[in-house]
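Below is one structure, written out as structure tokens; the observations come after it.
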Amino acid sequence: MKSTPYLIYLVVIAVAAAVLILWRRGAVARLGMLKGRGASSMIEFRRPEVLTGACGYNCIRCGEYKDGLCKGCEKLNEESDEKCDIYVCVDARGFKTCLNCREYPNCDRYMQTISKTHCPVDEEQVTGVNTYRFVNSISATAVIKYKPTTRFEGVIQSVVNTYLTKHYNVLLVSSATRTEIYAKAFSESILNGSIKLVRLSASAKTESFYRVEKKKPKEKETVEDKVIEISVDWLEYLSEVIENLPKKSAIVFEPLSDIILINGFDKTFKFIKKTIDYCIGEGIEMVAFINDDAHEEMVKASFEGLFTNIAEIYGEEFRIIK
């Protein structure tokens, strides 16, 4: 006959298991409730307002246009005797922008003109040409390797800006330590809904695995109100956000290395594979970043094998390896 302490031990284990199952069901129910209440409305994107110039950039994002100093590419060139070479080329070919041309962005005329045009294209746009070339060359998904000494926050901002220029909505997934950087850099786009910023937090309490956007009157909204916070322990909620992305969206996934180190190989690999499979099936583009020195070669090779393209940051440019 089993001893009383042993029976008590079994009862405690059984009760603990039951509590865990009920708690898990409650979590799943909350996840379902997120969907049932309309996840798409809770993470609703708004298409960015667009006034596309001949070179493909969005005039509305330019400081000169915002300050009323420029009417935009088309009106500027129509009213000027000194027309931009890019505008002349696009107009002569019957295109709306360079993006309609098969030579773009590997066009000598474009490269020779973009940095000296009389249009007040800012430095960020000019230096973004290399990023635009890279984004246009990838096939659906890409992983970018960086070194610990690389200031890759600027690279990520360049990738996000490129997708905005291409009129994509962007889901920017950030580590908790860098969320503030991106919130400041993209405050306008976050507030107008063309970017959704997700903070993956290792310290989030388990009773609040996610926090969706806070609903406030538009005039009272802050960038922090628009940040979606998700615990790294509950990536199911991030999957829910991803599965409600509209067409013509891009995911810029910064904290891949952080998740591998926190959640381990198996859990992270399963999540990334599921995400990539979904993105490919739905036509959503995904660019992820991995610390080249933070993992063993076998770990890196396993994740790299999931992506259609592999690249590395080389100086201020991208070098495609695969």
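Bear in mind that the values in this text are calculations on the coordinates, not laboratory data. From a predicted model like this one, the values you see are computed outputs, not experimental measurements. For neighbour counting, all protein chains shown are included, and Cβ atoms are generated from backbone atoms with ideal geometry for every residue, glycine included.
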How do 71, 166, 247 rank when sorted from fewest to most other Cβ atoms within 10 Å of their own Cβ? 247, 71, 166
Which listed pairs, of 96/247; 147/273; 96/226; 270/322; 96/322, have C-alpha distances above 25 Å, in listed order: 96/226; 96/322
Packing-based ranking, highest mean first, of 86-94, 187-195 given that Cβ atoms within 10 Å are counted: 187-195, 86-94
How much of the pair distance distribution for region 230-280 lies past 13 Å, counting alpha-carbon pairs only, in percent? 60
Please order 143, 135, 223 by the number of other Cβ within 10 Å, starting at the fewest. 223, 135, 143
The answer for GluC sites (Glu not before Pro) in region 252-322 that fall in a DSSP coil and have at most 14 neighbouring Cβ atoms within 10 Å is 296, 316
